[in-house]
Amino acid sequence: MVNIFRQISPYPTVDQEGVFMDGFLLPQPKICLRCKSKKCPTAVPKEFSDSVIHSVCPQGISLFAVKFDTEVILINGVIESLLNKDCPSVIRKEYRSHKVTMEHVKRWWQVISKIREDIELLTNRRVAEAIGGLHDIKTATSLVFRNAEAYIGQLSGENDDEKIENSPDSLKSLFKSISLLNTRLTMSSIVSNPESASFGRKRLAPIYKIFDRMCRLFEEIGAKKGIHIIMGGSSFNKVKCYDSFETLALVLVDNAVKYSLPGEPVTVKAMDSGTGVEVSIESRGPVVAEGDRLKIFERGIRTIAAKEMVQGGSGLGLFIARTVAEAHNTKIIYQAKNISAKNDIGTNVFSFYIE
């Protein structure tokens, strides 16, 4: 959304890569276009609490960092008369048409924030309307799923896992497909109403078994890319969870398989720690750029690397996972390890602790 707001900015802007864009009222000044250092993005603090802050670049030009949640628009090529008193007089005179006050920028931020809020409300309403039609499908799928469970329950085996493994391949594939569909339809409910992640009563759930089951559901999908899914660790703890917890497991395993390089393993671990369980999911593929590592958990966000690797996608998976994690009072952490300097390929690790 930041790119859209840059296009309707009255002021010139610059992104983190140093790419300039004219404002619809003020164009980029020549002093910025001639600048070879392109240090303006680094002249602004990486973290700040105010909605709008002012800085000055090495050339003496004002910079405004305008924050929208975790996204930032950087306004360059302007001069704030009161806050930029050290601006050389020759530059101040040459670019007097580019004088901007902090109050002007804050007013623009207020307008854009309201537009952004209205867009999100409209989008959420449209999504809820579209997903509402899936309710009947979810009801029918749940019925098929329960009947399949009842049928498998009559097969030989000491427990449900053994019975599934002992079932004919066709029935096993059908059961896995229905299980995935049923969980994905639960995801749609969370998208339309994030509060539904905490609906129902919490029940003691074996975290290891939930992830182990999800790994087996994705075995066939992974095999098509030559990906072997490894379930590791040793966990016996049971944790009180909502029914929505399975969607968190689905998203993280699905993402690992989806964005893993062909032939690379996906490793899922669940380890007991105190009264809770530590879970990690590792895969090898393009890492998330440092500036995008918080954004990937936002609704509708897909990184450039993700778009290049997998066509389609809604950018809702990690948003759903974060929503479910928050309902369980935990937080998903993303880390990139063993990054190759040649092609930004590394080990992607998603982890969380639940108790």
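The values are calculated or read from the model by the stated rules, or taken from the named source; none is laboratory data. Source: prediction; values computed, not measured. No Cβ is skipped: glycine too gets one built from the backbone with ideal geometry, and neighbour counts run over all protein chains shown.
Can you list the strands (runs of 3 or more DSSP E) found entirely within region 240-355 that contain at least 2 residues being buried (at least 21 other Cβ atoms within 10 Å of the Cβ)? Walk me through it before giving the result.
Working: elements: 266-273, 276-286, 333-337, 345-354.
Per the criteria, 266-273, 276-286, 345-354.
Rundown of residues vs (1) surrounded by fewer than 16 Cβ atoms within 10 Å (Cβ to Cβ); (2) aromatic (Phe, Trp, Tyr); (3) in contact with a strand residue (DSSP E or B) (Cβ under 7 Å, 6 or more places away or on another chain); (4) closer than 25 Å to ARG116 by Cα, yes/no style:
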{"residue": "PRO10", "(1), (2), (3), (4)": "yes, no, no, yes"}
{"residue": "PRO41", "(1), (2), (3), (4)": "no, no, yes, yes"}
{"residue": "VAL52", "(1), (2), (3), (4)": "no, no, yes, yes"}
{"residue": "PRO58", "(1), (2), (3), (4)": "yes, no, no, no"}
*asked:* Anything in region 97-117 that is of a type outside the set (Lys, Arg), surrounded by fewer than 17 Cβ atoms within 10 Å (Cβ to Cβ) and within 20 Å of PRO27 (Cβ to Cβ)? List them, or say none.
replied: SER97, THR101, HIS104
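Only one of LYS337, LYS307, LYS331, LYS295 is of a type outside the set (Gly, Ala, Ser) and under 19 Å from GLY233 (Cβ atoms). Can you tell me which?
Numbers: LYS307 fails: under 19 Å from GLY233 (Cβ atoms); LYS331 fails: under 19 Å from GLY233 (Cβ atoms); LYS295 fails: under 19 Å from GLY233 (Cβ atoms).
Answer to the check: LYS337.
Residue check: is ARG322 under 24 Å from ALA197 (Cα atoms) and outside the structural domain of ASP69 (by TED's automatic domain parsing)? Lay out the reasoning, then the answer.
Numbers: under 24 Å from ALA197 (Cα atoms): yes; outside the structural domain of ASP69 (by TED's automatic domain parsing): yes.
In short, yes.
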*Looking at VAL239, VAL279, VAL266, VAL251, which is the one that is of a type in the set (A, V, I, L, M, F, W, C), modelled with pLDDT of 90 or more and closer than 27 Å to GLU71 by Cα?*
VAL251
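Let's see how each residue does on (1) at pLDDT 95 or above; (2) under 24 Å from ARG299 (Cβ atoms); (3) in a helix (DSSP H, G or I); (4) not aliphatic (A, V, I, L, M):
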position	(1), (2), (3), (4)
SER196	no, yes, yes, yes
TYR208	yes, no, yes, yes
ASP212	no, no, yes, yes
GLU220	no, no, yes, yes
ILE230	yes, no, no, no
_Taking the conditions exactly as written (assigned to a helix (DSSP H, G or I), modelled with pLDDT of 70 or more and in contact with a helix residue (DSSP H, G or I) (Cβ under 6 Å, 6 or more places away or on another chain)), does ILE178 satisfy them or not?_
yes
*In region 281-295, is there at least one residue being in contact with a Lys or Arg (Cβ under 8 Å, 6 or more places away or on another chain), of a type in the set (Gly, Ala, Ser) and in the same structural domain as GLU264 (by TED's automatic domain parsing)?*
no
